[in-house]
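Structure first, commentary second.
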Amino acid sequence: MKIEKNTAVTLRYQVADSQGRLLEESREPMVYLHGGYGNTFPKVEEALEGQVAGFLATLELQPEDAFGLRDENLVQTIPKTQFPPGVKVGGQLQGQDDTGHSQVFTVMKIKGDKVILDGNHPLAGKALRFSVTVTDVRSATPEEIEHRHVHGEQGHQH
Ligand code: ZN
C-alpha cells in the first residue's frame, strides 16, 4: 500500500545534527496520520508521499523546516528569588508566554541573583538530518480521520 492522504504510517527514525551526531532515536516505532494533519514535519510527509513499507531516506532539514529559527525574544532574565531553591543550569520548567500558551523554558545560565531562561525548543535554529524507515502503511479508520490522529498501540489511547 502506498502512502497517501489518510493512511496511517509506521516508521522508525533517527534525528542527527548536520555533523551527523545523533540527537534522538525512536525507541518504539512511531505512527502518524499522513495528509497534512500537522503530525509530522511537512518536508517529511513530502518525502514519504507515494512510498511503501521498506522505504528509507535521510532528509536534510533546514531549521525553518524542522523546529524553527531561534527567537531571541524568548530569552528572559528573571530574578533568582522567583525560583524555588535548587534551580540548575539545564533544568526545565513549564511557564506561559505572553499570549498564555504554555511553554517549556530551559535554564541557560545563572548569573549572580539572575536566572537566564530560554523558551526556544532545544532544537530550534538547528539544521537536522532526519533518517526514516517506513515499516508499515495502512488505511486510517474514519474515526482516526475525524480525530486527525491515529489510534492503537503507538497512537492515541482514549
Ligand atoms: Zn482520537
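Values as computed for the structure displayed
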| item | result |
| --- | --- |
| Helical mean residue ellipticity (222 nm; -39500 (n - 2.57) per DSSP H run of 4+; nearest 500) of the chain | -2000 deg cm²/dmol |
| Gain in span if fully extended, THR141 to GLN14, counting 0.36 nm per residue against the direct Cα distance | 43.0 nm |
| Overall form of the stretch 5-158 per C-alpha gyration tensor (a/c, 1.5; a/b vs b/c) | prolate |
| The stretch 91-158 - share of DSSP beta bridges that are antiparallel (%, nearest 5) | 90 |
| Cross-link partners of LYS109 among lysines (Cα-Cα below 21 Å; sequence separation of 8 or more within a chain) | LYS80, LYS88, LYS126 |
| Full-extension gain in nm, ALA124 to GLN157, via 0.36 nm per residue minus C-alpha separation | 9.0 nm |
| Neighbour net charge for PHE130 - beta-carbon separation under 9 angstrom, K R +1, D E -1 | +1 |
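FYI, it's all coordinate maths here, none of it is from the lab. What you are looking at is a predicted structure, and each value in this text was computed from that prediction instead of being measured. Heads up, the Cβs are rebuilt from the backbone with ideal geometry, glycines too, and the neighbour counts pull from every protein chain shown.
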